[in-house]
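Comments concern the structure below.
The values are calculated or read from the model by the stated rules, or taken from the named source; none is laboratory data. Here the structure is a predicted model, which means the values were calculated and not measured. Every residue, glycine among them, receives a Cβ derived from its backbone with ideal geometry; neighbour counts consider all protein chains shown.
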Amino acid sequence: MRNQKLVPKVEILHRETSGSRRSSYKVTAFGKTRNQKILISGNEAIAEAAVQAGCRFYAGYPITPQNEIPAYMAKRMPGIGGVFIQSESELAAISMVMGASAAGARAMTSSSSPGISLKQEGISYIAGAELPAVIVNVMRAGPGLGNIWPAQSDYFQAVKGGGHGDYHNIVLAPSSAQEAFDLTMFAFDLADKYRNPVMILSDGMSGQMMEPIVIPEDRKNLLSGICCLTSEKKWAVTGCKDRLPNLVASFRMCLGDTEKLNQHLQGKYKQILADEQRCESVGIDEAEIIIVAYGIMARIAKGAIKTLKAKNIKVGLIRPITLWPFPETQITQILKHRLGRVKYFLVVEMSYGQMVEDVRLAVNGKAKVEFLGRAGGGVPTEEEIIKRLEVISDKL
Amino acid sequence: MDKIFGRPKSLRDIPTHYCSGCGHGIAHRLISEVVDELDIRERIIGVAPIGCAVIAYDYWDFDCCEAAHGRALAVATGIKRVRPEAIVFTYQGDGDLVAIGCAETIHAANRGENLTTVFINNAVYGMTGGQMAPTTLLNQKTATTPFGRDAKSAGYPLKISELLAQLSGVYYVERVSTDSPVKVLAAKRAIKQAFINQIEGKGFSLVEILSACPTYLGMKPTAAVKWVREEMTKEFPLGKIK
Ligand SMILES: Cc1ncc(C[n+]2csc(CCOP(=O)(O)OP(=O)(O)O)c2C)c(N)n1
Ligand code: SF4
C-alpha cells in the first residue's frame with residue numbers, strides 16, 4: 001500500500017452561506033494527478049486525510065467548531081463504500097467506532113471539548129481492548145459548556161489518560177492544515193501499529209482556518225505508509241470461519257489477569273515513549289531562551305522569535321508534534337549539550353498551564369521554566385510573547 | 001443408538017458461573033442452539049453486556065466483542081455496518097439495555113439497524129447486588145428500594161419492548177419467558193425468528209426474555225421462577241408485540 005497511486009481529484013465549489021462565501025470541496029473522481037495544491041480548512045484536511053488513509057467508518061455528533069468534519073464525511077463516505085453515521089451522542093459515536101474497529105475497519109470520530117469528555121468512556125475501553133482508533137478533538141474553551149472559541153485546555157485530558165485506568169492515548173498536535181493532513185494519515189498507521197487510540201489535538205482556530213495544502217502523488221516522503229490491511233488484523237471479530245473464535249475485550253475475570261493486561265499495556269507505552277517522540281526545533285543551537293509551544297500557539301511564537309532575532313535576543317523554539325509521548329528526550333539532549341547556556345524555557349499555551357508541567361519534568365531544575373498562557377478564548381498574542389521574552393532577556 | 005440431545009456445538013463445555021436457577025444460562029443455551037440450527041457459527045458476532053452476563057463470551061464458541069455498560073447496540077452498529085455479511089447480536093440485561101443504554105437502544109432500533117437483540121429482563125441489577133432496575137415491579141423490594149418500589153419517587157416499570165414497537169425502524173419485538181419448559185421452547189422460537197429476520201435483512205429485532213434472579217429476589221429457584229410466571233407476567237405480558 002506504500003506509494004498509493006490513487007489520489008482524488010478535488011474540485012473547489014462555492015456555496016452561499018447566509019451571504020458569506022465559503023468554499024467547500026467535492027471529490028469528483030479518483031485518478032492519477034500531480035501534486036495537488038488545494039485550499040482547505042484544517043478540519044476538512046483532517047477529514048480528507050482520514051479518507052485517504054483508508055478510514056471507512058466515521059461516527060460523530062455535531063458540535064462547533066468541528067462540524068466541517070462530519071459534514072465532509074457525510075458527503076465523502078457514500079461514494080467510496082464507507083460508512084457515515086450521525087450518532088445520538090458522543091457516547092454512542094465512540095462505541096460505534098469501537099465496534100467498527102473491532103470488526104477490522106479503520107475508524108474515526110471527531111468532536112470538540114464537551115463531546116470529548118463524553119467519549120472518555122469509550123476511549124478507555126478501546127485502550128483496554130487494544131483497538132486502533134483515531135479521535136479528533138478540535139478544542140474549544142471550557143470548562144463546562146465554555147464557548148466555541150479556540151483553546152488548548154484539554155491537554156491534561158488528552159495526554160494523561162482522560163478516562164479511567166492506566167492508559168495512554170498517542171496524541172498528535174498539528175500546527176497547520178498541511179500538518180493536519182499528514183498527521184491524520186500517520187495517526188491511522190500509529191493506531192494500527194500499536195493497537196491504541198490516537199488523538200489529533202487541534203483547536204477551533206486551526207480547524208476553521210483555510211490554508212493551501214499539497215496532497216502529494218508521491219507518498220514516499222509522507223509519514224504515513226504502512227496502511228494496515230484488514231486482512232492483517234488477525235484479532236478482529238469477523239466471524240470465526242476457518243479459525244478459533246476471537247474475543248475483543250478489556251475485561252479479565254481473574255484478579256491476576258487484569259494486572260497482566262496492565263503490565264502488557266505499560267510495556268507497549270514504554271516502546272511508544274522510546275520510538276515515537278517527535279518535535280520541531282528552531283534556532284536551538286544559539287538560543288538562551290527556548291519557547292515550548294504546540295499547535296497554533298507555536299506558529300504565533302515563531303512570529304515573536306523573528307522579531308526578537310532582529311533585536312539580538314536569542315530565542316529558540318521546541319514545538320512538540322507528539323504531545324504523548326512528550327518529546328522530553330529533545331529537551332534533555334539540549335540541556336546536556338548546552339547546559340548553562342540555555343537559561344530559560346518559556347512555555348506558551350492557550351491554557352492556564354498544562355503542558356508546562358511536562359516541560360518542568362523534562363527540564364528537571366536544570367533551567368528556569370516560565371509560563372505564559374490565556375484560556376477561555378483568549379489567545380496569547382505575538383506582542384505579549386515578545387514583551388515577556390524581553391523581560392526574561394533582561395534577567396539573563 | 002441415535003443421539004437425540006446434546007450440547008450445542010456453539011456452547012462451550014465449561015462450568016457455569018451463574019447462580020442456580022438463573023435464567024441467563026438458559027438464554028445462552030437457546031442462542032447456541034439457534035446458531036447451530038441456522039448454521040451461522042462462522043458468521044455470527046456477539047456483543048456482550050456489562051452485567052452478570054459480562055463473560056457470556058466464555059460460554060459461546062464464536063466471535064464476540066465487549067461493550068461499555070449500555071453501549072452494546074452502538075458497538076453492534078459499528079460492527080454490522082462494516083461487516084453487513086456478519087450476523088450481529090447483542091445480549092443485554094435490563095440495567096444495560098433500559099437504563100444506562102436507553103438512548104443507544106432507542107436510536108439503534110429507530111435507525112432500523114439490521115441487528116438482533118436478546119434482552120434479559122430479571123427485574124433487578126444482578127451483578128452489582130440486587131438494586132432497582134427500570135423493570136423492577138411496584139412494591140418490589142431491592143437493595144435500593146428497601147421498602148418496595150414506590151412510583152412516587154422511583155417511577156414505574158419501564159416497558160421498553162412496547163416503547164420500541166412504536167418505532168418505524170423496528171421489525172419484530174416479542175416477549176417470552178423461561179418459567180416453564182413450554183415457554184422455553186417458545187423463547188427459542190422467538191430467538192430463532194429474530195435471527196432469521198436479520199439473515200433476511202428485515203431490520204431491528206428484539207426478544208425480551210423474562211428471567212429469574214433467585215439470588216436477589218431472595219427466593220429459592222422454584223419460587224423465583226413461580227414469581228416470574230405469576231407476578232412479572234402481569235406487568236410484562238407475554239406474546240408478540242410487533
Ligand atoms: C458506567 C458503569 N456504571 C455502572 C456499572 C456497574 N454495573 C455493572 S452491571 C450493572 C447493572 C447490571 O444489571 P443488568 O443490566 O440488569 O444485568 P444483570 O446483572 O441483572 O444480568 C451495573 C450498574 C458499570 N459497570 N459501568
Ligand atoms: S445474581 Fe441473579 S442474574 Fe446474576 S447470576 Fe445470580 S441469579 Fe443470575
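Conditions (1) more than 20 Å from residue A:381 (Cβ to Cβ); (2) in the same structural domain as residue A:203 (by TED's automatic domain parsing); (3) out of contact with any Cys (no Cβ under 9 Å at 6 or more places or on another chain); (4) at pLDDT 95 or above, marked per residue:
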residue: A:315; (1), (2), (3), (4): no, no, yes, yes
residue: A:318; (1), (2), (3), (4): yes, no, no, yes
residue: A:337; (1), (2), (3), (4): yes, no, yes, no
residue: A:340; (1), (2), (3), (4): yes, no, yes, no
residue: A:343; (1), (2), (3), (4): yes, no, yes, yes
residue: A:348; (1), (2), (3), (4): no, no, yes, yes
residue: A:355; (1), (2), (3), (4): no, no, yes, yes
residue: A:358; (1), (2), (3), (4): yes, no, yes, yes
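Which condition number in (1) away from ligand 2 (no atom under 12 Å from the Cβ); (2) within 14 Å of another protein chain (Cβ to nearest Cβ) is the one that residue B:127 fails?
(1)
With the condition kept exactly as written, say whether any residue in the range B:7-23 is surrounded by 19 or more Cβ atoms within 10 Å (Cβ to Cβ), away from ligand 1 (no atom under 16 Å from the Cβ) and of a type in the set (Gly, Ala, Ser).
Within the range B:7-23, one or more residues are surrounded by 19 or more Cβ atoms within 10 Å (Cβ to Cβ), away from ligand 1 (no atom under 16 Å from the Cβ) and of a type in the set (Gly, Ala, Ser).
Within the range A:68-84, identify whether any single residue is under 18 Å from the mean Cα position of the chain (by Cα), more than 14 Å from chain B (Cβ to nearest Cβ) and in a strand (DSSP E or B), and answer yes or no.
no
Would you mind stating whether residue B:68 is within 16 Å of ligand 2 (Cβ to nearest atom), under 16 Å from residue A:99 (Cα atoms), within 11 Å of another protein chain (Cβ to nearest Cβ) and surrounded by 24 or more Cβ atoms within 10 Å (Cβ to Cβ)?
The answer is no for residue B:68.
Of everything in the range B:31-55, what is assigned to a helix (DSSP H, G or I), more than 10 Å from ligand 2 (Cβ to nearest atom) and under 11 Å from the mean Cα position of the chain (by Cα)? Give them in sequence order.
Within the range B:31-55, B:31 is the sole residue that qualifies.
When you check residue B:115 against the structure, is it of a type outside the set (Asp, Glu), in contact with a Lys or Arg (Cβ under 8 Å, 6 or more places away or on another chain) and more than 8 Å from chain A (Cβ to nearest Cβ), yes or no?
Yes, satisfied.
Could you tell me whether residue B:96 is away from ligand 2 (no atom under 16 Å from the Cβ) and either crowded, with 24+ Cβ neighbours inside 10 Å or more than 12 Å from every other protein chain (Cβ to nearest Cβ) (or both)?
no
Return yes when residue A:294 is assigned to a loop (DSSP other than H, G, I, E, B), surrounded by 23 or more Cβ atoms within 10 Å (Cβ to Cβ) and not small (Gly, Ala, Ser) and no when it is not.
When the stated conditions are applied, residue A:294 passes them.
Grab the helices (runs of 4 or more DSSP H) fully contained in the range B:176-242, keeping just those with 1 or more residues being charged (D, E, K, R) and surrounded by fewer than 23 Cβ atoms within 10 Å (Cβ to Cβ).
B:181-199, B:221-227
Run residue B:145 past the list (1) away from chain A (no Cβ under 13 Å); (2) in contact (Cβ under 8 Å) with a residue 60 or more places away in the chain and report the number of the one that doesn't hold.
(2)
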